[in-house]
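Here's the structure we're looking at; comments come further down.
The values are calculated or read from the model by the stated rules, or taken from the named source; none is laboratory data. Keep in mind that what you see is a predicted model, and the values were worked out from it rather than measured. So basically every Cβ, Gly included, is an ideal-geometry build from the backbone, and we count neighbours across all protein chains shown. What goes into the accessible areas is simple: the full protein's heavy atoms, side chains included, and nothing from ligands, DNA or RNA. Shrake-Rupley method; radii C 1.70, N 1.55, O 1.52, S 1.80 Å.
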Amino acid sequence: MPRPKRARAAQVAPTPQEGPALRIAMIASECVPFAKTGGLADVVGSLPKALRALGHDVIVIMPLYGMINRERYTIRPFLAPMGVWMGDTEEWCAVHTTTVDGVPVFFIDSDKYFARPGLYHDADYNDYLDNPRRFGFLTRAGLQLCIDMGFRPDIVHAHDWQTALAAAYLKIWHWNHPVLGGAASVLTIHNIAYQGVYDASHYPYLGLQWGNFTSDKFEDHGRINFLKGGIQYSDMLNTVSPTYANETRTPEGGHGLAMYLNDRGSAYRGILNGVDYTQWNPETDPLIPARYSASNLAGKAICKRELQLRMGLDPNPDIPIVGVVSRLAHQKGLDLLAGAIEGLVQNALVQFAVLGAGDKGLEGYYSLLPLRFPGKIGSFIGYDNQLSHWIEAGSDFFAMPSRYEPCGLNQMYSLRYGTLPIVRATGGLEDTVQQYNEHTGAGTGFKFYEPSVHAVYYTIGWAISTYFDRPHHMQQMIQMAMAQDFSWERSAKEYVQLYREAIARKRGM
Ligand code: ADP
């Protein structure tokens, strides 16, 4: 395929906005619909669309993993070969492209690094040993692609440790480059527990210069820490909710990086993720048994009955259902729920519908519960998008007892589906759920503070008693919950503000 001289991302028609339209290059390791392991992929799939709708010119750059279906997404060759300097080594790759909802997506095609079934690990959950090289390469290749196709970004937006080095490369190598010299950098931290800490033997390959291997930049107890370097070099940075931004500034929540985040002062903040309401809206959702709205909830009763039948629960419309859709990981607190669930179904009229996968011990525990408590607990171990929609629509409550939750999406889905969240007041859960007031009936859910079995038990008990004893409050809360708006447009405007501040910092304004 001939090398295009100055290929440009699709032009977008400018719409009225504050300030000039921006050119943004987003480099990330995951993006919906191509490859997803978590909320990061949802953000990288949705934010560019919302920015485009505001009149900005956005491209996304990600790996062409072996599992991505090229035919399904009409992914076609764009440029080959492309040389990328890593330390003293020139690596070669190709670039492919497609367009999703008007947003050009470019895929870095490297047999050496990405032609594997998994994103980060093999089928046995063993991390690929060359992950630091794979994602260091992705990041440099993303910048090289901007150069080769003459895309002069105002902003390079990196996500998590995988592409956190983008800011460092811009400042160390491209500070006066004709294409990249004007680019300011933004880093979004989706989960600070994952920092990309690797043996220092990878450092020369990454081409970051030994002079920068210091404890205030990349060095972390003799190893290299990608995220730490990103925090130091990015012009602006954010995480995915205001409360999580505060939590990560503390020794407990910062996983060793609190000091460095605090050093960045007002350059670090929280911006809530949005919800893709084209996918998650009970009025239009094609995946659920019946559609419904805040003004007509009849369809929700049908969804509840169908969910009960599908999950082997007693088909009784008067028993509340608590839904769970989650990775079964320590972070999500499903071990806390495990300590409370048996007592709850024995002592109260309540049913549970659980969907999840992950920790083998928890998978085993939750998979046996339907046999031990038939008709009261239904569970499915695995990943099932359709069932996740059914649980959101058919449940009365939705439990998220997370130990920490950078933003969380399911509680926002639950609100829109009139399914009241029962959450630990942490991170984005604290920011998006309003505590029930038993005197006035105001609020959108039930919150607890202590990460303990007791707190889970009594807060779910509180929700159940509200269901039976104060049904008028339930109705009031459902209306308030369904009226909440966490659209991407609102979040995208905050990102634009962040971008403009990054540009101002970069230019010393
Ligand atoms: P995290 O990214 O930490 O896993 P989020 O709440 O931000 O948590 O996003 C999780 C996303 O993955 C949601 O869209 C949720 O519906 C989905 N999800 C999680 N587990 C499952 C599962 N077992 N089956 C289907 N969808 C799931």
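See the values below:
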{"quantity": "The chain: radius of gyration and largest Cα-Cα distance (Dmax), Å", "calculated": "23.6, 71"}
{"quantity": "The chain, accessible surface, carbon-and-sulfur percent (1.4 angstrom probe)", "calculated": "54"}
{"quantity": "Charge tally in the Cβ shell below 10 Å around Arg403, where Lys, Arg are +1 and Asp, Glu are -1, Arg403 excluded", "calculated": "0"}
{"quantity": "Cα→Cβ-extended label distance, 7 Å offset, between His221 and Asp263, nm", "calculated": "1.8"}
{"quantity": "Bins of 10 Å, starting at 0 and running to the largest distance - Cα pair percent for region 401-459", "calculated": "25, 55, 19, 0"}
{"quantity": "Structure-based [θ]222 nm, the chain - -39500 (n - 2.57) summed over DSSP H runs of at least 4, per residue, nearest 500", "calculated": "-10500 deg cm²/dmol"}
{"quantity": "Evaluated over region 227-318, the Cα radius of gyration and Dmax, each in Å", "calculated": "21.7, 57"}
{"quantity": "For a label point 7 Å along the Cα-to-beta-carbon line of Ile147, residues of region 85-101 with backbone N under 15 Å", "calculated": "85-93"}
{"quantity": "Span-like helix ranges in the chain, DSSP H, alpha carbon extent 24 angstrom or more, Kyte mean at least -1.0", "calculated": "131-148"}
{"quantity": "Stretch gain in nm, segment Arg70-Asn126, where the contour uses 0.36 nm per residue and the Cα spacing is subtracted", "calculated": "17.6 nm"}
{"quantity": "Modelled FRET efficiency - R0 30 Å, Asn437 with Ser367, Cβ distances, 0.05 increments", "calculated": "0.20"}
{"quantity": "Asn385/His177 FRET efficiency (R0 35 Å; Cβ-Cβ; nearest 0.05)", "calculated": "0.25"}
{"quantity": "Protection-proxy order for peptides 409-416, 167-174, each taking the mean of Cβ atoms within 10 Å per residue, highest first", "calculated": "409-416, 167-174"}
{"quantity": "For region 131-170, convex hull volume per residue from C-alpha positions, Å³", "calculated": "58"}
{"quantity": "When each of Lys36/Lys228; Lys360/Lys493; Lys112/Lys171; Lys112/Lys228 is checked by Cα-Cα distance, pairs over 29 Å", "calculated": "Lys360/Lys493"}
{"quantity": "Neighbour net charge for Arg310 - beta-carbon separation under 12 angstrom, K R +1, D E -1", "calculated": "0"}
{"quantity": "All-pairs alpha carbon distance profile, region 100-185, 10 Å steps from 0, percent", "calculated": "16, 44, 30, 10, 1"}
{"quantity": "Potential lengthening between Asn316 and Thr99 on full extension [0.36 nm per residue; Cα-Cα distance subtracted]", "calculated": "73.5 nm"}
{"quantity": "Largest-first ordering by accessible area, 1.4 Å probe, given options Trp488, Trp92", "calculated": "Trp92, Trp488"}
{"quantity": "Cβ-Cβ FRET estimate between Ala53 and Gln331, R0 fixed at 30 Å, reported to 0.05", "calculated": "0.40"}
{"quantity": "q = 0.10, 0.11, 0.21 Å⁻¹, region 327-473: log10 I(q)/I(0) [Debye, one scatterer per Cα]", "calculated": "-0.31, -0.37, -1.57"}
{"quantity": "Alpha-carbon Rg/Rh ratio, for region 63-103, with Rh computed the Kirkwood way", "calculated": "1.08"}
{"quantity": "Extension gain from Arg490 to Leu309, taking 0.36 nm per residue of separation minus the Cα-Cα distance", "calculated": "61.3 nm"}
{"quantity": "Alpha carbon centroid spacing (whole Å) that separates region 467-509 from region 33-69", "calculated": "20"}
{"quantity": "Region 148-233: mean projected area of Cα convex hull, nm²", "calculated": "5.7"}
{"quantity": "Inter-label distance, nm, simple model (7 Å from Cα along the C-beta direction), Arg470/Asn347", "calculated": "2.0"}
{"quantity": "Alpha carbon Rg of region 14-94, scaled by the compact-globule rule 2.2 N^0.38 Å", "calculated": "1.32"}
{"quantity": "For the chain, share of DSSP beta bridges that run antiparallel, in % to the nearest 5", "calculated": "30"}
{"quantity": "Where the chain is the region considered: accessible area per residue in Å², 1.4 Å probe", "calculated": "39"}
